[in-house]
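Novice: Shown below is the structure under consideration.
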Amino acid sequence: MKPQRKKGLPQSAVKLAQKLLKKDGDSLEMLRMHDFPDDESAHDDELTERLYGEFSAEVENIQKELSKEYGPARKGKSDTPAVPLNGVFRYAIWKAAPRRLFIAAHHEDRGVPIILWLGTAE
């Protein structure tokens, strides 16, 4: 089973981050989503672990690109109050005054999609 993904970033991660930072308030842009087609696949631990690895690698790749523009990121592997999402399993955060810029992969629970987000938060 292949994970669903958008047709790649519509622009570079840096350009997308700049666009989000220009908006008022918090912003989120979905970069990739894997929606489990049925209950059986949603409870397949091997599939879930493989997907976590793929999404984590994407966080790392985008983090490297954004770090060239925004400097070193604070990284983590679990929920943090700095990222306004539940079920975060990998993230990177930059201070981009007056807000924070983040890339995060999250999965709230079995049966719901795994999603990769680029976002800003106050």
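Novice: Quick check on this structure: which one of Ser41, Ser67, Ser56 is surrounded by fewer than 17 Cβ atoms within 10 Å (Cβ to Cβ), in a helix (DSSP H, G or I) and in contact with a Lys or Arg (Cβ under 7 Å, 6 or more places away or on another chain)?
Specialist: Among Ser41, Ser67, Ser56, only Ser56 is surrounded by fewer than 17 Cβ atoms within 10 Å (Cβ to Cβ), in a helix (DSSP H, G or I) and in contact with a Lys or Arg (Cβ under 7 Å, 6 or more places away or on another chain).
Novice: State all residues of region 70-82 that are surrounded by 14 or more Cβ atoms within 10 Å (Cβ to Cβ), part of a loop (DSSP other than H, G, I, E, B) and either touching a helix residue (DSSP H, G or I) at 6+ places or on another chain (Cβ under 8 Å) or of a type outside the set (Ser, Thr, Tyr) (or both); if no residue qualifies, say none.
Specialist: Ala73, Asp79, Ala82 - these are the residues of region 70-82 that are surrounded by 14 or more Cβ atoms within 10 Å (Cβ to Cβ), part of a loop (DSSP other than H, G, I, E, B) and either touching a helix residue (DSSP H, G or I) at 6+ places or on another chain (Cβ under 8 Å) or of a type outside the set (Ser, Thr, Tyr) (or both).
Novice: Would you say Ile115 is part of a strand (DSSP E or B), β-branched (Val, Ile, Thr) and either more than 15 Å from Leu20 (Cβ to Cβ) or within 11 Å of the chain's Cα centre (by Cα) (or both)?
Specialist: So Ile115 fits the description; yes.
Novice: So, one more: Hey, can you tell me all the residues within region 44-53 that are surrounded by 13 or more Cβ atoms within 10 Å (Cβ to Cβ) and either among the charged types (D, E, K, R) or touching an Asp or Glu at 6+ places or on another chain (Cβ under 6 Å) (or both)?
Specialist: Selection gives Asp44, Arg50.
Laboratory data are not the source of any read-out in this text; all were calculated from the coordinates shown. Everything numeric here is computed off the predicted structure, so don't read it as measured data. Here the Cβ is made from the backbone with ideal geometry for all residues, glycine too, and neighbour counts use every protein chain on show.
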